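*Asks:* Questions regarding the structure given below will be posed in turn.
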Amino acid sequence: TPLWRSVCLCIFILFYFIFKIRTFILQAQQYITLLLLRYRRREQDDMFITRGTLNLVPPPPPRARSQWMKVRSKDWWERVVLVEFTDQEWKQNFRMTRLSFMKLCTLMERHMAPEEVTVRPPVPLIMRVAIVLYKLGSCAEYRVIANQFGISKSSVKKFVYMFRKSMMRGPIKQLIRVPTDEEALEIARAFEASHHIPQIMGLIDGSHIPVLPPSDGYKDFVNRKGWPSYVLQAVVDHGRFLDVRTLGAEPTAFPNNNMSLYLFSQCVKNIEGKDINLFIVGDPAYPLLDWLIKGYPNSPRLTPQQESFNVYLSSVRVGVEMAFGLLKSRWRVLLKRSDFHFSFAPTMIATCCVLHNFCQKERDYANSSWLEEGRDRANNYPQPNQPVNLHKPATGLTEHPKNCQNTRVF
């Protein structure tokens, strides 16, 4: 009957849907099982790799709570330097004797002494000065010096900048200055006694100091030899700097650059009926001025007297080259490119000149081995030769057409 047929059709449709649902569930179970097996296999592979690696590399230490101050050791300074160092080792590392070092600490006490109230024990004054001298005498990186003395890298940089700033405030005006009339006459008498040329009160020359230039102005610092540098021009007497000028990109607060300061009106000497004032000696690149003398230019027409004068004048000029050699051999930071910022380098060069004069004043002379090391290292940065124009505001030896700022220190 039609009713029975309808009932059978409904039953058939119901069983058909039940069969399809059961098939779908079985397929889903198989797919999930396959995914689980793949995941377990990958996890086992990772565990196998990790176990093999653990046999080669020790496991990292458990993460501890972050500390306020890192653990550092001052053993080298407190036990080795202060207790075991001989006088020779002290001078080799800090570039001056213990007696000169203590006098320098006294000179810098007002500027670099630690504060009385601090959160933790401060770095003592003698250690601060020793860190600066070690940096200037070795040209080591801030990181290396920090590890050596057991302090942070930022503290090393802070002490170096503090020392430089302190030097610019007071000691530099005492140690680098234009001599008085009496002192200038004494210098002239010493030059006349040693080289038989009267009225010489100083020698002028320049030297290139390696510098780390900025990336956007590198070409403005490159000299003729192809390496970036600042120009240090100085006037010296018998090994002591009377005037220091640096040419670079960053002007600094020093006195004016009026070279007429070398005109000593009270020091005129009559030689064969002509009044001769004191003067300084330069190489042939400098112009001939009222207060600056140089040798005759090379020519086959020179008379024997003129040739003899050139020989005597060249022997005098050796003194300024020796002064630069002593300066760089003692403070080796000037022999190679340091990690000082290029705007900080001019005052640091001046600081080295002040320390040189301080050692000369204390009769604390450089070791002969330092000069040999300095000559070997100087070969890495050969000095270029170029003409000079003292009539321009930026006086001195320079090849920096854009960043040409004159800085005078005395």
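The values are calculated or read from the model by the stated rules, or taken from the named source; none is laboratory data. Computed from a predicted structure; not experimentally measured. No Cβ is skipped: glycine too gets one built from the backbone with ideal geometry, and neighbour counts run over all protein chains shown.
*Asks:* Select the helices (runs of 4 or more DSSP H) contained entirely in the stretch 293-406, then report the ones holding at least 3 residues which are at pLDDT 90 or above and closer than 23 Å to L242 by Cα.
*Replies:* By residue number, 304-330, 345-361.
*Asks:* So, one more: On the basis of being under 23 Å from Q360 (Cβ atoms), without any contact (Cβ under 8 Å) to a residue 24 or more places away in the chain, loosely packed, with under 14 Cβ neighbours inside 10 Å and among the charged types (D, E, K, R), does R143 make the cut?
*Replies:* On the way: under 23 Å from Q360 (Cβ atoms): no; without any contact (Cβ under 8 Å) to a residue 24 or more places away in the chain: yes; loosely packed, with under 14 Cβ neighbours inside 10 Å: yes; among the charged types (D, E, K, R): yes.
No; evaluated as a whole, the condition is false for this residue.
*Asks:* Tell me the residue from V117, V178, V123, V160 that is more than 23 Å from V83 (Cβ to Cβ), assigned to a loop (DSSP other than H, G, I, E, B) and either modelled with pLDDT of 90 or more or outside the structural domain of I271 (by TED's automatic domain parsing) (or both), please. Show your work before the answer.
*Replies:* On the way: V178 fails: either modelled with pLDDT of 90 or more or outside the structural domain of I271 (by TED's automatic domain parsing) (or both); V123 fails: more than 23 Å from V83 (Cβ to Cβ); V160 fails: assigned to a loop (DSSP other than H, G, I, E, B).
Being more than 23 Å from V83 (Cβ to Cβ), assigned to a loop (DSSP other than H, G, I, E, B) and either modelled with pLDDT of 90 or more or outside the structural domain of I271 (by TED's automatic domain parsing) (or both) holds for just one of V117, V178, V123, V160, which is V117.
*Asks:* I'm trying to understand the selection: among the residues of the stretch 295-353, which are over 29 Å from D220 (Cα atoms) and hydroxyl-bearing (S, T, Y)?
*Replies:* Of the residues in the stretch 295-353, the ones over 29 Å from D220 (Cα atoms) are 295-319.
Listed by number, the residues that qualify are Y296, S299, T303, S308, Y312, S314, S315.
*Asks:* Can you tell me which residue within the stretch 29-80, out of those that are more than 30 Å from I126 (Cα to Cα) and among the basic types (K, R), is modelled with the lowest pLDDT? Break it down stepwise before answering.
*Replies:* So the first thing to find is which residues in the stretch 29-80 are more than 30 Å from I126 (Cα to Cα), and the list is 29-66.
Then drop every residue that is not among the basic types (K, R), which leaves 38, 40-42, 51, 63, 65.
Values: R38: 81, R40: 78, R41: 77, R42: 77, R51: 53, R63: 66, R65: 57.
Filtering the stretch 29-80 for residues that are more than 30 Å from I126 (Cα to Cα) and among the basic types (K, R), the one modelled with the lowest pLDDT comes out as R51.
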